[in-house]
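Each reported figure results from applying straightforward, stated rules to the coordinates on display, with no laboratory input. Owing to the predicted nature of the structure, the values given are computational and were not obtained by experimental measurement. So basically every Cβ, Gly included, is an ideal-geometry build from the backbone, and we count neighbours across all protein chains shown.
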Amino acid sequence: MASPRRRTLGGQAHIQTPSRLSRLDAALVLLAAATLTGFPFARFLGVEGALLLLVLSVVGWRRRVRALMNLGLFGALLVGSASFDRFMNLWPLPAFVAALGLLLANRQSISGDLSFLRPGIVDRKAHFLIVASAVVAGLALIAWFALAKPDYAAVRATLFPPVPTYALLLGVVAFSAVNGALEELAYRGVLLDALDAALGAGVAPVVIQALAFGALHVGGFPRGAAGVGLAAVYGIMMGIVRRQTRGLLVPWLAHILVDVVIGTILIASR
């Protein structure tokens, strides 16, 4: 029986989405999403959260629910590795471990089980979305930094070695490419794919993944409530871009530009 029609956000009906899950499986996906979302606020529960996500992944495997299996596995590896020690807690190392584990687990059928990895459509509209989203997010970040005047001296001292500015900028671009790929894979890929299966390709999956993305940035740039709010709004933007282009390439490119803006702000404010 066909799923009921739902409101769409940013052209969601244009992409192929997983079959709707049963109520039980949908509830388990939402539990996994909630655990992943809450982890940045309660890292002392990291081990317990990782175990819960691992159990959910096994349940998804036993019940042959691809979305739950992948989300649980990715989340367990991310939360578990971030809780392992202080070094592994450095972002984006936990996301790299989670992505590697997910790819290895699906190496026999990546095209089917990880279909969200497709590049999508890159046309004039996509080019506009890349530039527009980067400009809007970049201006918001610059305005926040100018108004809030946050103290990131400790962050700069940790992240930026005493090398020429051009070397720092090259490092920022390289980091932005890796970080953008991993965060888009996690939130506009694994999480959004699972939420689509649980709730259908409506407004709710885009909003939920954006809230989870915002939670990730509670200790980032910007940090605190401002960081969560701005990142959540940006997560909605990237969710819409992913819907419009039917893939992760364009959100990734837009994400790189925004991360480069963040790195440039930090370098310029030394």
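For the stretch 71-163, which chymotrypsin sites (Phe, Trp or Tyr not before Pro) pass both filters: DSSP loop (anything but H, G, I, E, B) and at most 12 other C-beta atoms within 10 Å? Spell out each step's value before the answer.
Details: sites: F74, F84, F87, F96, F116, F128, W144, F145, Y152; in loops: F84, F87, Y152.
Here the sparse-neighbourhood loop sites are F87.
Between D123 and R23, what is 0.36 nm times their sequence separation minus the Cα-Cα distance? Round to one decimal in nm. Could you put the intermediate results ahead of the total?
Working: separation 100, 0.36 × 100 = 36.00 nm, distance 3.79 nm.
That works out to 32.2 nm of additional length.
Place the peptides 177-185, 238-246 in order of packing, highest mean first, counting for every residue the other Cβ atoms within 10 Å and averaging per peptide. Mind showing how you got there, number by number?
Values: 177-185: 21.0, 238-246: 24.7.
Per-residue Cβ counts within 10 Å, averaged per peptide and sorted highest first, yield 238-246, 177-185.
Rounded to the nearest 500, what is the chain's calculated 222 nm mean residue ellipticity when only DSSP H runs of at least 4 contribute -39500 (n - 2.57) each, over all residues? Intermediate values should be presented prior to the final figure.
On the way: 12 runs with 182 residues, N = 270.
It comes out at -22000 deg cm²/dmol, rounded to the nearest 500.
Can you tell me the FRET efficiency between A34 and R223 if r is taken as the Cβ-Cβ distance and R0 is 25 Å, rounded to the nearest 0.05?
Details: r = 22 Å, r/R0 = 0.89.
Efficiency, rounded to the nearest 0.05: 0.65.
If one takes the longest principal axis of the Cα atoms in the chain, at what angle in degrees, from 0 to 90 and to the nearest 10, does the Cα axis of helix 46-62 lie?
Roughly 30 degrees, rounded to the nearest 10.
Given +1 on the Cβ of Lys and Arg, -1 on the Cβ of Asp and Glu, and no further charges, what dipole in debye does the stretch 12-268 carry about its Cα centre, rounded to the nearest 20?
The calculation lands at about 440 debye.
Quote to one decimal, in nm, the extra length available between A167 and V207 on full extension: 0.36 nm per residue of separation minus the C-alpha distance between them. Walk me through the numbers on the way to the answer.
Details: separation 40, 0.36 × 40 = 14.40 nm, distance 3.73 nm.
Net length gain for the segment: 10.7 nm.
Any idea what % of Cα-Cα pairs in the chain are farther than 26 Å?
40
Taking the beta-carbon count within 10 Å as an exposure proxy, list S269, S133, S83 from fewest neighbours to most.
Values: S269 13, S133 22, S83 19.
Fewest to most other Cβ atoms nearby, the residues stand as S269, S83, S133.
Would you order S22, S115 from fewest to most other beta-carbon atoms within 10 Å of each residue's own beta-carbon?
So the residues, fewest neighbours to most, are S22, S115.
Considering only the other residues whose Cβ falls under 15 Å of the Cβ of D151, what net charge follows from Lys and Arg at +1 and Asp and Glu at -1?
Working: positive: K149, R156, R223, R270; negative: none.
Here the charged neighbours net out to +4.
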